[in-house]
Amino acid sequence: MTVRKLMDNDQFDDALLRAAMERAALYGWGRLTVVDAARDAGVPLDEARRRFPVKTAILLKLGRLADESALVDDGSTGTVREQLFDVLMRRFDVLQQYREGVRAVMRALPFDPALALFLGATTAESMRWMAGAAGLDLSGPAGVLRLQGLIGVWAYTMRAWERDDTEDMSRTMAALDQALDRAGRLGTMLARRGAATAETGQSMDPIDPSIDLPLDPMSDQL
């Protein structure tokens with residue numbers, strides 16, 4: 001009862017999220033339950049049931065935190081590439097706070113198709129927001145390919161982040177730099193919204209979907 005009175009919703013969610021990620025890091029995502037996380041956090045089970053009715057709601061909360069941090073308007077300006085670098089690294093700043101728990105989720109993906117589908121959908125939606133914040137044009141058929149390219153950039157960098165043992169995430173930043181460079185070389189993935197050549201009336205060229213990022217984030221091919 002004391003916890004219920006002292007905590008607002010955000011504090012409640014943060015406490016349960018942190019407990020869940022710590023338990024996932026110790027025992028694996030598959031063995032985690034909301035009940036266990038709530039007990040570890042010392043929060044009421046009935047409120048945990050209301051706010052986190054399914055286990056994936058924990059990942060939704062983490063994703064929203066990462067998105068909200070990334071989308072904070074700090075007044076900075078720059079190219080689409082620079083803006084994408086900034087917003088994506090701000091997402092990693094949040095994930096870094098729950099690093100071992102997130103890595104446990106990533107290890108579970110090959111054995112949990114439903115989880116993989118769920119995260120694929122939520123990642124695509126997050127990348128739409130990141131693209132919008134950076135001014136990346138997602139309109140039309142070419143926009144669909146640009147979104148897929150951005151999802152590829154994120155997935156590639158996530159794999160590098162999973163292996164990155166540096167305190168300042170320098171390897172993650174290097175991987176993101178390389179991925180964005182490769183995306184830029186695909187022609188128009190980094191085209192700004194409304195940047196079609198109005199003077200000539202020509203539309204922007206689509207990305208060649210046959211060109212993809214390498215699967216190994218430590219590869220020298222990027």
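The values are calculated or read from the model by the stated rules, or taken from the named source; none is laboratory data. Being a predicted model, the structure only gives us computed values, none of them experimental. Note that each Cβ is placed from the backbone with ideal geometry, even for glycine, and that neighbours are counted across all protein chains shown. Just so you know, the surface numbers come from the protein's heavy atoms only, side chains and all, with ligands and any DNA or RNA stripped out. Shrake-Rupley method; radii C 1.70, N 1.55, O 1.52, S 1.80 Å.
How far is it, in nm, from the label point at E167 to the one at T56 when both lie 7 Å from their Cα along the line to the Cβ?
So the label points at E167 and T56 sit 3.8 nm apart.
Can you report the principal axis dimensions of region 39-141 using only the alpha carbons, biggest first, rounded to whole angstrom?
Here the spans come out as 46, 30, 25 Å, largest first.
At 0.36 nm per residue, minus the direct Cα-Cα distance, what do D181 and D40 gain on full extension? Give it in nm, one decimal, please.
46.4 nm
Could you state the per residue volume, in Å³, of the convex hull enclosing the Cα atoms of region 76-197?
Convex hull of Cα atoms, per residue: 108 Å³.
Assigning unit charges at the beta carbon (Lys, Arg +1; Asp, Glu -1) and nothing else, what dipole magnitude in debye, to the nearest 20, does region 60-177 show about its Cα centre?
Dipole about the Cα centre, nearest 20: 400 debye.
Could you calculate the contour length gain from R128 to E100, that is, 0.36 nm times the residue separation minus the distance between their Cα atoms, to one decimal place in nm?
Value of the extension gain: 7.5 nm.
With every protein chain left in place, what is the accessible area per residue of region 1-97 in square angstrom, probe 1.4 Å?
Numbers: 5250 Å² over 97 residues.
Accessible surface, normalised per residue, equals 54 Å².
What shape does region 52-91 take by its C-alpha gyration tensor, where a ≥ b ≥ c are the square roots of the eigenvalues and a/c under 1.5 counts as rounded, a/b above b/c as prolate, and the rest as oblate?
Note, shape of region 52-91 comes out prolate.
Can you work out the FRET efficiency for the pair S76 and D8, with r the C-beta to C-beta distance and R0 = 41 Å, to the nearest 0.05?
0.85
Please express the Cα-Cα pair-distance distribution P(r) of region 113-182 as a list of whole percents, one per 5 Å bin, running from 0 to the bin with the greatest distance.
4, 16, 21, 23, 20, 12, 4, 1, 0
What's log10 of I(q)/I(0) for region 1-96 at q = 0.14, 0.16, 0.18, 0.20 Å⁻¹, Debye sum over Cα points only, no solvent?
-0.59, -0.71, -0.82, -0.93
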